[in-house]
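Following: one structure in structure tokens, then a few remarks.
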Amino acid sequence: MAELFQLLITGIAVGMVYALIALGFVVVWKSSSVANLALGQLVLFSSWFTYGMLVQAKFPLWLAFPLVIIFALALGWLIERFALRPLIAQPILSLITVTLGIAYFIEGIVTFIWPWSVDALPRLFPIEPLHIGDAVVSQEYVWVACISLLVFGLLTAFFRYHKMGIAMRATADDQMAVQACGIPVTRIFSMSWMFACLVAAIGGVLISSIGGITHGLVETGLKAFSVVILGGLNSFAGAIIAGPIIGLAENLGGGYLTPFLWAGVKDIIPFVIIIIVMLIKPYGLFGEVRIERI
Amino acid sequence: MSLPSGTRNYTYAQDMAILRTRTHWVLFFGFLVLLFTAPLYLGNYWLGVANLIGITLIAATGLNILTGYCGQLSIGHAGFIAVGAYTSAILTNRLELPFLVGLICAGLTAGFIGLIFGIPSVRVKGFYLAITTIAAQFIIIWVINHWSALTGGFVGIKVPYASIGSFVFKSEASQFYLIITITALCIFFAKNLARTKVGRAFIAVRDNDLAAQVMGINLFYYKLLAFFIGCFMAGIAGSLLAHWIGFMNAEQFSLTESILYIGMIIIGGLGTTLGPILGVVFIRLLQQILTVEFVPFLERTITALPSGFATGVTPMLFGLVIVLFLVLEPRGLAHRWALLKSAYRLWPFSY
């Protein structure tokens, strides 16, 4: 029972971070129909940058975090401006492979600057375990879940009430109409990329403050795809609901299946879920089924 | 098809011929002679590079049939190559079957695994398919790493040299002949496949699969056929790779390798036979020159380089090359070559 409770808390917390990263994907997909396969590398890069700020440059927290946010926004702007903007209206194959090229490039930069490839961020949250009944839960996971919830709340408010958020939703709905209303669509595209990098950075910092920075962060980013696939490509609510589901499946499966299968079964569960969803319900739980016309 | 002025086709056979003029034939045989006498004038080092290029070329040709002709994006190609490599390694090492059996079985196994992961392609495309193939890559590598009773797991598995009858392909030169012959056969097959009914069906599916279906093309059959052929070639390449290196470890088949394969056919030019050749030669030579000549040279001359320079600069440059090609020349080197040829034909009257 205690073990179950522990796995539940961890699963939900990790799943919320996946959902956060997945939101960045959904925003870019909705506004510009670009599939961003560089998510994992964005997570890796911004975690290492945080490491550089906090550990190598020894900046205090209040200075380091704004710098990380500025860095993430700048990264998003650069990617959109120099790689994606020249490719507007190109076939989807080019749009997917260009993000793969970006992924490769970022991975090169990361090995270039931080060649030792494994390190730990300083602990951001208190580590004393919480005792709930007879279960022992690491306090960090509770903090991560709370911060993710807070970020979800802020994002929802942004998309609902802020002028730019409303413009982004409108672009997702109908690009032509938005352009006719005088909203600069290209600026919306670059906003959505900046947004994607920002949530990838937040998700990366949250995950790596617990598990350290490893190359596995790329897989964390890729696991966010299973959230996107399960929730539906163009659904915010889908991502937020599917995130904890994936996290739970991963942790419960890892906890209870390992004795029967090989060790490390945890890492493969999200990918198996992708295949299963593809075979049964390819557009996900809340995704919009596109009807194609010739 | 534009022909040089004065060259006309009088029969259908002439019209269908791959090599049309006498100059074509002379150049073709000249090239073949040059290729098959390569061990005479190339050292062991460059023969090794040529072997790697040949093996990569087989896999890239398969990927080109799948992605370039049929339009089904696969980002798990290294995974399918791994299936072929491990099938061959297990059959020849553990069961001590002859090399040719291993080679054929490697192709078939990779093809069938490709079919399984290709089934979603019937309902989805584009990004969904890309994600499915990434998942395939991770699942395949995970199984290889953990099914250690069969595959040797993280430790890896030793592979004997390739052999036909009592002849063992031990030296670099003999392996070169084996690899280059199979490569040439694969390219010849790919070139002709594109001109048959199947190839035309693939192109129709790529351009608009719905329209193709309306015209009576069986999507299920042709998409899965493309997956089978593409992954079959990946399996063949994997088998040759295993026997060439002599030792297999799942680290050789990472996701970045898959991305590199996509990069190669993009740089070369999708949906042409020439494209993969140009792309593979370009990328593999760039890789060799960077890692063997250029980076050590820089490290010798500039001592203040950061320690990650050697490992970081290659992926950085490859990523940059892929992005730049997509932005500046999305139709690849093959298109440049075609432009050059037509300019040469019309020269000096370039209108």
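The values are calculated or read from the model by the stated rules, or taken from the named source; none is laboratory data. Everything numeric in this text was worked out from a predicted model, so none of it was measured. Virtual Cβ from ideal backbone geometry, glycine too; neighbours counted across all protein chains shown.
Per the conditions (1) touching a residue at least 12 places away in the same chain (Cβ under 8 Å); (2) facing chain B (nearest Cβ under 10 Å), the sole criterion not satisfied by A:Val272 is (1). Within the bounds of segment A:244-252, is there any residue that is free of Cβ contacts under 8 Å to residues at least 60 places away in the same chain, surrounded by 14 or more Cβ atoms within 10 Å (Cβ to Cβ), in contact with a Ser or Thr (Cβ under 8 Å, 6 or more places away or on another chain) and assigned to a helix (DSSP H, G or I)? No, there is no match, as no residue in segment A:244-252 is free of Cβ contacts under 8 Å to residues at least 60 places away in the same chain, surrounded by 14 or more Cβ atoms within 10 Å (Cβ to Cβ), in contact with a Ser or Thr (Cβ under 8 Å, 6 or more places away or on another chain) and assigned to a helix (DSSP H, G or I). The helices (runs of 4 or more DSSP H) found entirely in segment B:189-252 that carry 2 or more residues being more than 14 Å from chain A (Cβ to nearest Cβ) and either closer than 30 Å to B:Gly102 by Cα or in contact with a helix residue (DSSP H, G or I) (Cβ under 7 Å, 6 or more places away or on another chain) (or both) are B:197-207, B:219-245.
Yes or no, residue by residue, for (1) modelled with pLDDT of 90 or more; (2) of a type in the set (Gly, Ala, Ser); (3) closer than 16 Å to B:Ala82 by Cβ:
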site: B:Gly199; (1), (2), (3): yes, yes, no
site: B:Val205; (1), (2), (3): yes, no, no
site: B:Glu251; (1), (2), (3): no, no, yes
site: B:Glu257; (1), (2), (3): no, no, yes
site: B:Gly269; (1), (2), (3): no, yes, no
site: B:Gly279; (1), (2), (3): yes, yes, no
site: B:Phe282; (1), (2), (3): yes, no, no
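You will find that of B:Leu286, B:Leu298, the residue that is without any contact (Cβ under 8 Å) to a residue 60 or more places away in the chain and within 22 Å of B:Ile180 (Cα to Cα) is B:Leu286 and no other.
B:Leu91 meets the conditions (1) out of contact with any Gly (no Cβ under 6 Å at 6 or more places or on another chain); (2) within 24 Å of B:Trp147 (Cα to Cα) in every case but one. The failed one is (1). Restricting attention to segment B:328-344 and to residues that are closer than 25 Å to A:Arg85 by Cα, assigned to a helix (DSSP H, G or I) and touching a Ser or Thr at 6+ places or on another chain (Cβ under 9 Å), the residue that is nearest to the other protein chains (Cβ to nearest Cβ) turns out to be B:Gly332.
Would you check if there is a residue in segment A:32-40 being out of contact with any Gly (no Cβ under 6 Å at 6 or more places or on another chain), facing chain B (nearest Cβ under 10 Å) and surrounded by fewer than 18 Cβ atoms within 10 Å (Cβ to Cβ)? Let's see the steps before the verdict.
Step one: list which residues in segment A:32-40 are out of contact with any Gly (no Cβ under 6 Å at 6 or more places or on another chain), which gives A:32-38.
Now drop any that are not facing chain B (nearest Cβ under 10 Å), which leaves A:33-38.
Of the ones still in play, those that are also surrounded by fewer than 18 Cβ atoms within 10 Å (Cβ to Cβ) are A:33.
Checked segment A:32-40: at least one residue is out of contact with any Gly (no Cβ under 6 Å at 6 or more places or on another chain), facing chain B (nearest Cβ under 10 Å) and surrounded by fewer than 18 Cβ atoms within 10 Å (Cβ to Cβ).
When each of B:Gly6, B:Gly48, B:Gly30, B:Gly43 is tested for being surrounded by 12 or more Cβ atoms within 10 Å (Cβ to Cβ) and among the small types (Gly, Ala, Ser), the lone residue that passes is B:Gly48. In segment A:66-86, of all residues being within 11 Å of chain B (Cβ to nearest Cβ) and crowded, with 18+ Cβ neighbours inside 10 Å, the one that is modelled with the highest pLDDT corresponds to A:Ile79. Checking the structure you have, find out if any residue of segment B:269-285 is assigned to a loop (DSSP other than H, G, I, E, B) and either among the charged types (D, E, K, R) or surrounded by fewer than 18 Cβ atoms within 10 Å (Cβ to Cβ) (or both). No; the residues of segment B:269-285 include none that is assigned to a loop (DSSP other than H, G, I, E, B) and either among the charged types (D, E, K, R) or surrounded by fewer than 18 Cβ atoms within 10 Å (Cβ to Cβ) (or both).
Here B:Ile55 qualifies as within 21 Å of B:Thr291 (Cα to Cα), buried (at least 22 other Cβ atoms within 10 Å of the Cβ), under 11 Å from the mean Cα position of the chain (by Cα) and among the β-branched types (Val, Ile, Thr). Taking every residue in segment B:50-73 that is on the phi > 0 side of the Ramachandran plot and pairing it with any residue that is acidic (Asp, Glu), at least 6 positions away or on another chain, the pairs with Cβ-Cβ distances below 8 Å are B:Gly71/B:Asp207; B:Gly71/B:Asp209. Counting only helices (runs of 4 or more DSSP H) wholly contained in segment A:136-203, the ones carrying 1 or more residues that are within 25 Å of A:Leu124 (Cα to Cα) occupy A:139-161. The single residue among A:Thr99, A:Thr50 that is buried (at least 16 other Cβ atoms within 10 Å of the Cβ), closer than 26 Å to A:Ile213 by Cβ and away from chain B (no Cβ under 11 Å) turns out to be A:Thr50. Sort out which residues of segment A:110-125 are over 17 Å from B:Leu255 (Cβ atoms) and within 8 Å of another protein chain (Cβ to nearest Cβ), and write them in order of number. Selection gives A:Phe112, A:Ile113, A:Trp114, A:Pro115.
Exactly one residue among B:Gly102, B:Gly156, B:Gly126 is at the interface with chain A (Cβ under 9 Å from one of its Cβ atoms) and out of contact with any Cys (no Cβ under 6 Å at 6 or more places or on another chain), and that residue is B:Gly126. The residue list B:Ala17, B:Ala82, B:Ala38 contains one member that is aliphatic (A, V, I, L, M) and either within 19 Å of the chain's Cα centre (by Cα) or modelled with pLDDT of 90 or more (or both), which is B:Ala82.
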